[in-house]
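Asker: Structure provided below as structure tokens; questions to follow.
The values are calculated or read from the model by the stated rules, or taken from the named source; none is laboratory data. Note that the structure is a prediction, hence the values are computed from the model and not measured. Here the Cβ positions follow ideal geometry from the backbone for every residue, glycine too, while neighbour counts run over all protein chains shown. Protein only, heavy atoms only, side chains kept; ligands, DNA and RNA dropped before computing areas. Shrake-Rupley method; radii C 1.70, N 1.55, O 1.52, S 1.80 Å.
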Amino acid sequence: MEALKDLKVSSERLDSLQNAFLQNISQAILAKAESFEPDLVLCLAQAPMNRMALKRLRKDGIPTAMWFVENYRLFTYWRAFAPYYDIFAVIQKDPFPDELARIGVPNVLYLPLAAEPGTHRPLELSPAERKEFSAEVSFMGAGYPNRRRAFSRLVREDSQLRQKMKIWGTEWEGEPELADLVQRQGARIDTDDCVRIYNATDININLHSSVHDDCLVSGEDFVNPRTFEVAACGAFQLTDERSLMSELFSPGEMATFSSFESLKEQIRHFAARPGERRQMAARARERVLSDHTYAARMQTLLQFAKDRLPGFGT
């Protein structure tokens, strides 16, 4: 899909080529469904499934589910596809389910993100890995506007933190105050190295993304996958407050901040208290292993399908 852009053709021609590609992928999924006869076709956000293919699966009696792991306020393409799925699982609550009901989606399931313990786990790092990845404070993720503003201000107001902090990930270009903190020249970090970063860092900052740089802590609802992944690694994190966080983690399991000043204070507090960090990280990991794995999420989804879809699971 992305490679088609390299052809450097007109936007109209590119749209035509990309639509043809999506049609082809949808047809391939239909062909596989015919031969495999699945009990359920599960799609994730931005899955290459067009409405015609979803209609065909419904006609053939094959249930479909979408796990929409996106911010519905920012990515609004769900409106065009949601009514064609038998189950629509979301990472946000009201008013999203009400909006889905208004456009004819009857089966909406709140299904937060999670971690995979076989991947996101505590590691014993080699001396070379510790040399590359260890830091007192780290952030791993893309350079969204609110993150650029927050971290630029942090290191500007605390010169000592500049010596202790590392930033990993893409889209940090054009931020001179952070240039010397960005590792590997802003290259994309694969999952294995993300796990190494989390394990090697004393304080993992988890600042949820926002396209608005004037709002550091938005207090929005959805909880990002990094929250669960860092916790599953048994690593300590400091995350911005989210309205749904209290439903997922109990007090004492997750350290949060509510403002820029709160972030600064929490960094100072936990930097001086390694024992407190270890205890909180251990409690967060225990919670994830108990309640927030992808295996648990799939059990929830399948039980929901069994309860809502006639004949499913028989």
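Asker: Give me the net charge of residue 157's neighbourhood, meaning all other residues with Cβ under 13 Å from the Cβ of residue 157; Lys, Arg count +1, Asp, Glu -1.
Answerer: Result for the neighbourhood of residue 157: +2.
Asker: Taking R0 as 45 Å, what FRET efficiency do you get between residue 179 and residue 101 from their Cβ-Cβ distance, rounded to the nearest 0.05?
Answerer: 0.40
Asker: Starting from the 7 Å offset along Cα-to-Cβ, what nm value, one decimal, do you get for the label separation of residue 259 and residue 300?
Answerer: 3.3 nm
Asker: Calculated FRET efficiency, residue 37 and residue 77, Cβ-Cβ r, R0 25 Å, to nearest 0.05?
Answerer: 0.30
Asker: Then there's this: Show which aspartates and glutamates lie in cross-link reach of residue 55 when reach means a straight Cα distance below 15 angstrom and same-chain residues fewer than eight apart are skipped.
Answerer: 34, 86
Asker: Next question. Starting from the Cα of residue 5, draw a straight line to each of the aspartates and glutamates and keep only those under 17 Å, dropping any in the same chain fewer than 8 residues away.
Answerer: Here the aspartates and glutamates satisfying the reach criterion relative to residue 5 are 15.
Asker: Which shape class applies to region 231-314: rounded if a/c is under 1.5, otherwise prolate when a/b exceeds b/c and oblate if not, where a ≥ b ≥ c are the square roots of the Cα gyration tensor eigenvalues?
Answerer: Working: a/c = 4.74, a/b = 2.41, b/c = 1.97.
Note, shape of region 231-314 comes out prolate.
Asker: Express the relative contact order of the chain as a whole percentage, based on alpha carbon pairs under 8 Å and six or more residues apart in sequence.
Answerer: Here the relative contact order equals 15 percent.
Asker: Note down the accessible area of residue 164, probe 1.4 Å, to the nearest 10 Å².
Answerer: In the full protein context, residue 164 sits at about 80 Å².
Asker: Taking only the alpha carbons of region 46-143, what extent do you get along each of the three principal axes, in Å, biggest first?
Answerer: 57, 30, 21
Asker: Okay, moving on. Between region 12-34 and region 105-133, what's the alpha-carbon centroid distance in Å?
Answerer: 32 Å
Asker: So what are the ³J(HN,Hα) numbers for region 171-176, from phi and the Karplus equation (6.51, -1.76, 1.60; θ = phi - 60°), rounded to whole Hz, Gly and Pro as x?
Answerer: These are the phi-based 3J(HN,Hα) values: 6, 10, 5, x, 10, x Hz.
Asker: Oh, and also: P(r) of the chain in 10 Å steps, Cα pairs, percent per bin?
Answerer: All Cα pairs, binned at 10 Å, distribute as 5, 23, 29, 24, 15, 4, 0 percent.
Asker: So the label point goes 7 Å from the Cα of residue 268 along Cα→C-beta, right? Which residues of region 129-172 then have their backbone N under 15 Å from it?
Answerer: So the set is 154-162.
Asker: Right, here's the next one. Go through 32, 8 and list them by solvent-accessible area, largest first, probe radius 1.4 Å.
Answerer: Largest to smallest exposure gives the sequence 8, 32.
Asker: Cβ neighbours within 10 Å, averaged per peptide: list 281-290, 116-125 in order, most packed at the top.
Answerer: Top to bottom by mean Cβ count within 10 Å: 281-290, 116-125.
Asker: Under a straight-distance cross-link criterion of Cα-Cα below 15 Å, which aspartates and glutamates are reachable from residue 164, leaving out those fewer than 8 residues away in the same chain?
Answerer: Residue 164 reaches 132, 136, 177, 180, 202.
Asker: Follow-up question, since we're still on this one. Report the calculated FRET efficiency for residue 59 and residue 279 (r = Cβ-Cβ distance, R0 = 41 Å), to the nearest 0.05.
Answerer: That gives a FRET efficiency of 0.15.
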